[in-house]
Structures are given as structure tokens and as C-alpha cells.
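Participant: Sharing a structure with you now.
The values are calculated or read from the model by the stated rules, or taken from the named source; none is laboratory data. Just so it is clear, the structure is predicted and the values come from calculations on it, not from any experiment. Here the Cβ is made from the backbone with ideal geometry for all residues, glycine too, and neighbour counts use every protein chain on show. We work out accessible area using only protein heavy atoms, side chains counted, and drop any ligands, DNA or RNA first. Shrake-Rupley method; radii C 1.70, N 1.55, O 1.52, S 1.80 Å.
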Amino acid sequence: MTSQSSGWEATELGAARLTAWLLTLVHNREYGDLAQLRRATAGTSASIRAGWYAPDQDNQTSREIYEQVAFLFAVYHRGVGRPTQGFGSFGTAARRIGRPGGRGPDDPGATRLVDRIVASRRIPWRHLQHGIARLRACEQQPPSWTDLVADLERWNDRKARIAYNWAVDFHAPYDTGRKSTQKGSST
């Protein structure tokens, strides 16, 4: 096993543990912690705890990804009684944005949003927040929180081609999405 593959496994494990903790917050109605996660300023005890799930504690970018995904999770789950771990990539989730009869590529706003996200060299936190808010407003499932963390950890890895894969998932026919199988529904 190479160090890169063990690093990837650690990322997947950390992302899965973060998702489990976040789902527990909603399930146990820990609204104070969820409200802390929604605060724009970092440094709340809940956001620091979210960063603890990052496997490389010395990597500030990795900790930020875990904290920011926890923020996105809390934004999506504001006022929601049942937690959802979501499914698919962000590109697959963005296909669900819009109105009946005009979702995903058929919704000009969703298309512009995805275009802005996939064109970004840095992780586009504001656009991701907008996408999560749109999914919530449309009452659609979010992306898999675990996959979102893993994808964002590799955002700048040219071989992983995360932005490209999200674009492919967004424009793919509904039945052939790369990660469109429902990995986990609401629990």
C-alpha cells in the first residue's frame, strides 16, 4: 500500500466520521451546535470539533475543508428534523436544482452556478453555499457529505479532475451519472 492510498483511505474515514457526527447532531436535536456551525466566523467550538475529523491536523487547508463542509451541512439542515447524508457528487446534486420540468441543465441559474464552480481554481466556498441553499429551497437532496469532503480534499489534484467530473455529472443523462446511485437516503 502506498502512502498516497493510505492518505486517501484516511480522508475517506475522516469524511465518513464527520458525516456521522453531523447526522447525530440533527438526530439528537443539538440545535446549539448546529447554530454554531452556521456562524460565518470560524472558531466556534462546534467548527473546531468538525476540524478534528481531518486526518492531517497539521494541514490547515484540510481542517478548513472539514469545517466548511460542516458549515454547509448546518446551512442545509437549518430547521430540518430528519438528517440526510445526501447522495452523489455536487454535480449530481446540482442536477436537482430548479423547478419541476426545468431542473439541472434545463435551469439557467443551476447551469450558471455549476459553470462558476467548475471554473474556479480555488475551492469556491460561496458558490457551494449558494448551491446548498438552492437545494434546500428546492427541497432536494444534498450531495453526499462524505463524498463532498473527499472531493474537496482533492480539488487541486489535476489527476482527480474533480471540477471536470462534477461538470460531467451535472450534464449527464439522469440514468448514467457517475455517482448517481443513492448511497444513502435519509436516516
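Participant: Only one of Gly81, Gly51, Gly109 is surrounded by fewer than 18 Cβ atoms within 10 Å (Cβ to Cβ) and closer than 24 Å to Leu34 by Cβ. Can you tell me which? Lay out the reasoning, then the answer.
Facilitator: Values: Gly51 fails: surrounded by fewer than 18 Cβ atoms within 10 Å (Cβ to Cβ); Gly109 fails: closer than 24 Å to Leu34 by Cβ.
None of the others qualify; the one that does is Gly81.
Participant: Here is a further query. Can you spot a residue in segment 149-158 that is over 17 Å from Ala50 (Cβ atoms), of a type in the set (Phe, Trp, Tyr), open to solvent by 10 Å² or more (accessible area, probe 1.4 Å) and not in a helix (DSSP H, G or I)?
Facilitator: Yes - at least one qualifying residue is present in segment 149-158.
Participant: Taking only segment 37-54 into account, find how many residues are in contact with a helix residue (DSSP H, G or I) (Cβ under 7 Å, 6 or more places away or on another chain) and under 15 Å from Val75 (Cβ atoms).
Facilitator: Of the residues in segment 37-54, the ones in contact with a helix residue (DSSP H, G or I) (Cβ under 7 Å, 6 or more places away or on another chain) are 37-38, 42, 44-47, 50-51, 53-54.
So of that shortlist, the ones also under 15 Å from Val75 (Cβ atoms) come out as 37-38, 42, 44, 46-47, 50.
So the answer is 7.
Participant: What's the number of the condition Asp115 fails, among (1) farther than 27 Å from Ala46 by Cβ; (2) under 14 Å from the mean Cα position of the chain (by Cα); (3) not basic (Lys, Arg)?
Facilitator: That leaves (2) as the condition not met.
Participant: I want to confirm something. Restricting to segment 116-141 and keeping residues that are touching a residue at least 24 places away in the same chain (Cβ under 8 Å) and over 17 Å from Asp151 (Cα atoms), which single residue is most open to solvent (accessible area, probe 1.4 Å)?
Facilitator: Taking the candidates together, the pick is Arg136.
Participant: What about Val69, is it in contact with a helix residue (DSSP H, G or I) (Cβ under 9 Å, 6 or more places away or on another chain), farther than 30 Å from Lys159 by Cα, at pLDDT 90 or above and surrounded by 12 or more Cβ atoms within 10 Å (Cβ to Cβ)?
Facilitator: Working: in contact with a helix residue (DSSP H, G or I) (Cβ under 9 Å, 6 or more places away or on another chain): yes; farther than 30 Å from Lys159 by Cα: no; at pLDDT 90 or above: yes; surrounded by 12 or more Cβ atoms within 10 Å (Cβ to Cβ): yes.
Spelling it out, it is not the case that Val69 is in contact with a helix residue (DSSP H, G or I) (Cβ under 9 Å, 6 or more places away or on another chain), farther than 30 Å from Lys159 by Cα, at pLDDT 90 or above and surrounded by 12 or more Cβ atoms within 10 Å (Cβ to Cβ).
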